[in-house]
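The values are calculated or read from the model by the stated rules, or taken from the named source; none is laboratory data. Here the structure is a predicted model, which means the values were calculated and not measured. Cβ placement follows ideal geometry from the backbone for every residue including glycine, while neighbour counts extend to all protein chains displayed. To get the accessible areas, we keep the full protein, side chains included, count just its heavy atoms, and leave off ligands, DNA and RNA. Shrake-Rupley method; radii C 1.70, N 1.55, O 1.52, S 1.80 Å.
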Amino acid sequence: LKLEPSNQPALRLMGEIHRRRGNEPAAARWFVLAAQLGWRDPVTQLYWYERELALGVYHASSQRIEALLRLGWD
């Protein structure tokens with residue numbers, strides 16, 4: 001698997017498929033790969049925001065939500 005920025009949507013999609021099927025370990029592995037390609041993908045950031053919030057890692061989750069807000073969604 002070649003990690004290129006253009007592959008980020010495909011990696012995140014695989015993570016989302018596994019998350020919806022209830023396979024959280026597999027979802028996390030795919031979202032780790034997606035996150036390695038940059039922080040500008042909103043779906044990947046939301047995934048990690050929710051995970052960190054659930055784990056009580058508030059500082060990291062607040063940084064993620066700040067990054068999402070800076071993206072300036074339309």
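Points worth noting:
- Pairs of Cα atoms nearer than 8 Å and 6+ residues apart set the relative contact order; for the chain it is 25 percent.
- Per-residue SASA remark: Trp39, around 110 Å² accessible (1.4 Å probe; ligands, DNA and RNA not included).
- Largest mean-square fluctuation among Leu13, Leu53, Leu33, in a Gaussian network model of the chain whose springs join Cα atoms under 10 Å apart, belongs to Leu53.
- Averaged per residue, the chain has 68 square angstrom of accessible surface, using a 1.4 angstrom probe with ligands and nucleic acids left out.
- For the residues Leu55, Leu46, Leu37, a GNM of the chain with alpha-carbon springs under 10 Å puts the largest fluctuation on Leu55.
- Computed about the Cα centre, the dipole magnitude for the chain is approximately 200 debye when only Lys and Arg (+1) and Asp and Glu (-1) carry charge, each at its Cβ.
- Stretch gain in nm, segment Ala60-Val43, where the contour uses 0.36 nm per residue and the Cα spacing is subtracted: 4.5 nm
- Correct choice for Kirkwood radius over Cα pairs in Å that was computed from the model, options [x] 13.9; [y] 12.5; [z] 11.8: [y]
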